[in-house]
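Have a look at the structure below before the remarks.
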Amino acid sequence: MAEIVGGFLLPHDPLIASAPDAPSAEQKNAVMEAFTTVSQRIAELRVDTVIVVGDDHYTVFGPHCIPRALIAIGDIEGPMEPWLGLPRLPFQNNQPLAQHIMQYGFDNGLDWAIAKDITLDHSTSIPIHYTLSKHSDVKTIPVYVNCGVEPVISSRRCYEIGQTMRDAVNSWQGSERVAIFGTGGLSHWVGMPQMGDINVEWDQTVLEAVRLGDVEQLIAMTDVDVLEQSGNGALEIKNWITALGFMGDCRGEIIEYQAIHEWVCGCGFAELAAA
């Protein structure tokens with residue numbers, strides 16, 4: 001039977017790749033070391049499959065089609081954006097498990113959108129590149145929840161999607177050791193006049209809720225309040241909420257936090273473990 005062995009929350013800021021030397025060496029190194037810590041923990045936990053939860057930025061999808069929740073069950077590669085400066089490479093998808101999660105969702109009230117062939121954007125490619133590139137045997141299952149383009153998915157629904165994926169993995173008869181990445185955030189304003197601002201106090205509130213495992217505090221944050229206090233990019237905590245739903249009753253250990261104005265984002269890292 002498959003086993004859920006860990007979860008991680010981490011940024012997917014594209015400037016990490018496209019403008020690596022913009023911040024101070026101290027801040028850049030802190031972020032790179034945090035990615036390395038996650039990579040090392042993947043090895044220590046003997047993870048063989050990572051579900052990577054991200055969101056689109058009018059890159060993969062657009063006004064013609066905005067999936068609320070999508071799972072990739074076939075061929076995957078990334079990143080799509082050449083300006084990131086990362087090579088576009090194929091990633092290994094755990095297709096049998098992905099298809100099982102898809103079907104379990106269909107059977108339990110989750111109408112997934114499906115990608116049988118997809119080129120991933122930075123929201124999933126950045127975490128994969130910086131944490132899994134040294135683990136050639138680790139497979140991924142990309143999942144998109146729409147928290148980047150209005151109308152955004154609700155935080156409660158993200159939590160329910162995480163729960164459904166957890167139940168699906170627990171019902172899988174394979175021997176996989178599965179982890180989840182919730183990616184994105186924290187406070188940042190994308191393409192808005194406040195771009196470059198960071199609400200450190202709000203970021204710390206989110207990280208403290210993660211540390212305590214208080215997902216209800218995060219779900220209770222209204223989209224309007226998040227937009228006003230921490231920017232449209234901060235709605236990506238919905239990806240984190242999805243991961244928290246997947247992990248169930250858990251607590252977070254904060255790995256790193258850096259407010260990096262040059263990367264226009266508060267970058268937070270945490271490891272999730274059963275309470």
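Some values worked out for this structure:
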item	result
Rounded, prolate or oblate (a/c below 1.5 giving rounded, otherwise prolate when a/b exceeds b/c) for segment 157-275 by Cα gyration tensor	prolate
Rounded accessible area of residue 214 (nearest 10 Å², 1.4 Å probe)	60 Å²
Which of 238, 139, 116 is most accessible, then next, and so on - probe 1.4 Å	116, 139, 238
Segment 160-218 - Debye-derived log10 I(q)/I(0), Cα point model, q = 0.18, 0.21, 0.22 Å⁻¹	-0.83, -0.94, -0.98
Dipole magnitude of segment 1-121 about its Cα centre (Cβ charges: Lys, Arg +1; Asp, Glu -1), debye to nearest 20	80 debye
Helix-derived mean residue ellipticity, 222 nm - over the chain, DSSP H n ≥ 4, -39500 (n - 2.57), to 500	-11000 deg cm²/dmol
Max mean-square fluctuation residue, GNM over the chain, Cα-Cα springs under 10 Å, options 148, 233, 62	62
Accessible area in the full protein assembly, largest first, 1.4 Å probe, for 177, 88, 157	88, 157, 177
Length-normalised contact order of the chain in % [C-alpha pairs under 8 Å, at least 6 apart]	31 percent
Residue-level accessible surface for residue 104, protein heavy atoms, 1.4 Å, Å²	60 Å²
Taking the C-alpha atoms of segment 59-147, convex hull volume expressed per residue in Å³	101 Å³
Accessible area in the full protein assembly, largest first, 1.4 Å probe, for 165, 102	102, 165
Percentage, to the nearest whole number, of Cα pairs in segment 93-239 over 24 Å apart	39 percent
Most positive-pole-ward Cα, 85, 118, 103, against dipole of the chain from beta carbon charges	103
Assigned charges on the beta-carbon of Lys, Arg, Asp, Glu; the chain dipole about Cα centre (debye)	620 debye
Partners for residue 139 among lysines (Cα-Cα distance below 24 Å; same-chain residues under 8 apart left out)	116, 238
Share of Cα-Cα pairs in the chain lying beyond 24 Å, as whole percent	42 percent
Most fluctuating residue given options 86, 207, 120, as computed from a GNM of the chain linking Cα atoms under 10 Å	86
Percent of Cα pairs exceeding the 19 Å cut-off, where the set is segment 1-151	55 percent
Area projected by the alpha carbon convex hull of segment 1-51, averaged over all directions, nm²	4.1 nm²
Percent RCO, i.e. relative contact order, over segment 98-256, from Cα pairs under 8 Å lying at least 6 residues apart	31 percent
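The values are calculated or read from the model by the stated rules, or taken from the named source; none is laboratory data. Just so it is clear, the model here is predicted, and its values are computed rather than measured. Virtual Cβ from ideal backbone geometry, glycine too; neighbours counted across all protein chains shown. SASA here: full protein model, heavy atoms, side chains in, ligands and nucleic acids out. Shrake-Rupley method; radii C 1.70, N 1.55, O 1.52, S 1.80 Å.
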